[in-house]
Every structure is written in C-alpha cells, then in structure tokens.
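The values are calculated or read from the model by the stated rules, or taken from the named source; none is laboratory data. These numbers were taken from a predicted model, which means no experiment stands behind them. Don't worry about glycine lacking a Cβ; one is built from the backbone with ideal geometry, like all the others, and counts go over all protein chains shown.
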Amino acid sequence: MTDPRIKDVGEARTAHLFDIVVDLAEPLPIGPRVLFGAVGGTFDGPRLRGDVLPGGGDWAQFRPDGTMVLDVRLTLRTHDGALVHLSYGGRWVIPPDLREGVADRARRHEIDPARYYFRTTPLFETGSPDHAWLNNVVGVGSGYLVEGGIAYRVSEVL
C-alpha cells in the first residue's frame with residue numbers, strides 16, 4: 001500500500017558542471033584509512049574552470065567487501081582567482097577480479113571504468129560573490145582512474 005502523502009515530484013535531472021582531474025601523491029596508510037593526498041590538477045566546465053590546489057585529499061577507508069568509502073576535501077582556484085572548497089563522499093566498489101589490477105599504480109588507469117562503480121556527491125563552499133551560486137549546488141560525480149590520479153565527470157542536480 002502506498003502512503004497517500006507521497007507526491008510525484010518527477011525524476012532528478014542533471015546538467016554537466018565540470019570535468020576534474022586530481023593528481024595524487026603516494027598513498028599514506030593511517031590506521032584503518034589511507035590518505036590519497038592531492039598534489040594538483042585541473043577542472044573545466046561550461047561555467048567555471050581552474051586548478052586543484054595541493055594540500056587536500058581523500059581520507060579513504062577500505063571495507064572488507066572491496067568498497068572504498070570516500071572522504072574527500074579539495075580546494076579549487078577558479079580561472080578568475082576565486083577559492084572554492086569542494087567536499088564529497090561516495091563509494092568506489094571494486095569487484096574482486098579487478099583488485100589486483102587497481103593495486104598496480106602503473107597500469108590501473110587502463111581498466112575500463114564501466115567495470116567498477118565509482119560515484120560521488122560533491123558539495124561546494126565559497127565566499128566569492130561571482131561563484132556564490134555554487135553554495136546551493138548538490139552534485140553527482142562519476143569517477144575513473146587516470147594516469148597519476150583520478151578524474152570525475154561532475155554534474156549539478158537540477
């Protein structure tokens with residue numbers, strides 16, 4: 001039986017916000033977590049572009065089932081000099097037959113991203129009046145491995 005209070009609000013729609021590449025340092029194991037430190041990168045989209053600043057990273061936790069639980073904080077500098085704090089959680093589900101390949105830092109970017117589930121939920125914070133609209137954006141991202149780091153296609157949920 002359907003609850004009569006449920007309303008049809010339509011399906012969530014999205015629009016491309018930007019593509020981002022994050023260059024990563026060597027991983028640092030810290031107890032049950034691994035820090036994947038950000039050392040740079042770039043992002044580019046229809047309304048904003050710029051650089052990923054060094055110093056952030058992913059304080060990831062690996063579960064026994066092969067899932068990586070993401071806890072990421074990055075600082076972005078837009079093309080016009082604004083600073084944006086980007087944070088996101090998410091899940092990267094690595095099937096057992098891919099775990100050895102993912103561990104190979106020299107070749108893991110060759111794995112087809114369609115073979116794993118890598119999704120994020122980006123949120124933004126900025127004091128820039130020109131980019132204040134980001135403070136009200138909820139994002140979704142699809143991640144994949146690239147040489148030297150990770151990348152995401154990030155969309156805004158409309």
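Some points to look at:
- The one condition from (1) more than 30 Å from Gly81 (Cα to Cα); (2) of a type in the set (A, V, I, L, M, F, W, C); (3) crowded, with 16+ Cβ neighbours inside 10 Å that Met1 does not meet is (3).
- Given (1) touching a Ser or Thr at 6+ places or on another chain (Cβ under 8 Å); (2) in contact (Cβ under 8 Å) with a residue 24 or more places away in the chain; (3) not in a strand (DSSP E or B), index of the condition His109 fails: (1)
- Selection status of Arg73, basic (Lys, Arg), over 18 Å from Gly143 (Cα atoms) and modelled with pLDDT of 95 or more: no
- In the condition set (1) buried (at least 17 other Cβ atoms within 10 Å of the Cβ); (2) within 17 Å of Asn135 (Cβ to Cβ), Val72 is compliant with all but (2).
- Hey, Glu100 surrounded by fewer than 18 Cβ atoms within 10 Å (Cβ to Cβ), of a type in the set (D, E, K, R) and more than 15 Å from Leu74 (Cα to Cα) or not: yes
- Residues (touching a residue at least 24 places away in the same chain (Cβ under 8 Å), surrounded by fewer than 16 Cβ atoms within 10 Å (Cβ to Cβ), more than 19 Å from Arg49 (Cα to Cα) and not hydroxyl-bearing (Ser, Thr, Tyr)) located in the range 112-145: Pro113
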